[in-house]
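The values are calculated or read from the model by the stated rules, or taken from the named source; none is laboratory data. Computed from a prediction, not measured in an experiment: that's the story for all the values here. All Cβ positions, glycine included, derive from the backbone under ideal geometry; neighbour counts span all protein chains shown. Only protein heavy atoms, including side chains, enter the accessible area calculation; ligands, DNA and RNA are left aside. Shrake-Rupley method; radii C 1.70, N 1.55, O 1.52, S 1.80 Å.
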Amino acid sequence: MKIGIVGGTGHIGQGLACRLSHNHEIILGSREKDKASEAGECIINALNEKGIKSKCTGATNQEAVDEGDIVVLSVNYKYLKATLEPLKGFEDKIVISPINPIGKGDYFYYDPPKEGSAALAVKSLLPKSAKVVSAFNNISANKWKHIDEELNYSVAVCSDDEDAKKQVMNLVNEVSKLKAIDAGPLAMSSVVESITPLIFNIAKYNDMKDVGVKFI
Ligand SMILES: NC(=O)c1ccc[n+]([C@@H]2O[C@H](COP(=O)([O-])OP(=O)(O)OC[C@H]3O[C@@H](n4cnc5c(N)ncnc54)[C@H](OP(=O)(O)O)[C@@H]3O)[C@@H](O)[C@H]2O)c1
């Protein structure tokens with residue numbers, strides 16, 4: 001499968017590329033293609049040193065959309081609208097939102113847009129035929145990047161398109177010991193996104209690092 005990552009030069013984009021690029025072709029998107037090419041080469045070299053062959057090409061964000069069978073929107077919520085505005089070609093694509101709109105004062109809090117969640121805001125900004133799936137919201141990018149570490153977590157997946165949800169769940173289940181959990185329709189994405197400020201606060205108040213979740 002080809003997986004395009006819009007904003008792929010960032011933390012979670014690079015982390016996902018580290019874990020998925022040996023099984024799939026990653027098209028790492030950026031506003032600056034050179035930046036993405038550099039990041040892609042770093043990932044290939046780091047994996048190569050561990051004897052893992054990978055495919056990760058630097059690209060523009062538009063190329064990541066055009067070439068991806070699945071497109072991940074790996075940008076901060078505050079840049080979502082500006083990032084999507086110039087991009088075209090999302091029709092019929094599976095689009096994954098790992099986006100968590102989070103505010104920070106003395107503590108972290110969920111700060112959803114008027115649509116109810118970041119994933120629902122994504123849906124409102126894309127063509128009707130785009131199949132929006134929320135996933136990868138609750139695992140820290142550091143965990144994705146440290147490829148020697150086992151990922152023994154749950155990944156809650158929400159979508160209104162059952163086939164797209166299944167495909168993303170299969171993708172999740174390929175990685176380490178991750179277990180995809182069907183968390184219902186996209187309307188439930190607000191609950192999944194709001195777990196992230198909870199785990200940030202748990203990390204902060206209990207002096208823990210990269211807290212994750214597991215549903216058993
Ligand atoms: N980091 C995590 O541990 C983690 C875990 C789960 C979910 N998430 C979610 O994943 C999303 C991405 O998080 P991240 O930590 O990977 O973000 P990030 O590293 O801060 O940024 C991702 C990419 O966004 C682009 N960007 C930066 N400033 C921008 C601007 N002003 N306008 C448009 N694009 C801009 C950059 O790509 P270019 O400069 O190359 O264009 C950057 O590499 C967030 O919504 C977050 O809630 C993050």
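Under a 1.4 Å probe, what is the accessible area of the chain per residue, stated in Å²?
Working: 10550 Å² over 216 residues.
Per residue, the chain has 49 Å² of solvent-accessible surface.
Secondary-structure-derived ellipticity at 222 nm for the chain, considering helices only, amounts to -10500 deg cm²/dmol, per-run term -39500 (n - 2.57) for DSSP H runs with n ≥ 4. Once the Cα-Cα distance is subtracted from the 0.36 nm per residue extended length, the K78 to A46 segment shows a gain of 8.5 nm.
Rank these by accessible area, largest first, 1.4 Å probe: S134, S140. Display every interim value, and only then the final one.
On the way: S134 0, S140 30 Å².
From most exposed to least exposed: S140, S134.
Placing unit charges on each Cβ (+1 for Lys and Arg, -1 for Asp and Glu) gives the chain a dipole about its Cα centre, and among Y109, S154, L126 the Cα reaching farthest toward its positive end belongs to Y109. Note on N152 and K35: their simple-model spin labels are 3.7 nm apart, each label 7 Å out from Cα toward Cβ.
As a fraction of the 1.4 Å probe accessible area of the chain, surface on carbon and sulfur atoms comes out at 50 percent. Choose one answer from G105, G40, G15: the residue with the largest mean-square fluctuation in a GNM of the chain with alpha-carbon springs under 10 Å. Largest GNM mean-square fluctuation: G105. For K165, list the lysines whose Cα falls under 16 Å from its own Cα; do not include residues on the same chain fewer than 8 positions away. Cross-link targets: K93, K123, K131, K179.
Cross-linked pairs K35/K78; K2/K128; K33/K104; K2/K114; K35/K204: Cα-Cα separations exceed 28 Å for K33/K104; K2/K114; K35/K204. Normalising the average separation of contacting C-alpha pairs (under 8 angstrom, six or more residues apart) by the number of residues puts the relative contact order of segment 2-205 at 19 percent. Seen through its C-alpha gyration tensor, with square-root eigenvalues sorted a ≥ b ≥ c, segment 67-216 comes out oblate because a/c lies at 1.5 or above while a/b is not bigger than b/c. One chain, two ends: K2 and Y107. Fully extended at 0.36 nm per residue, the span grows by 34.0 nm beyond their Cα-Cα distance. Bridging of K81 to aspartates and glutamates at a Cα separation below 14 Å is possible for E115, once same-chain residues fewer than 8 apart are set aside.
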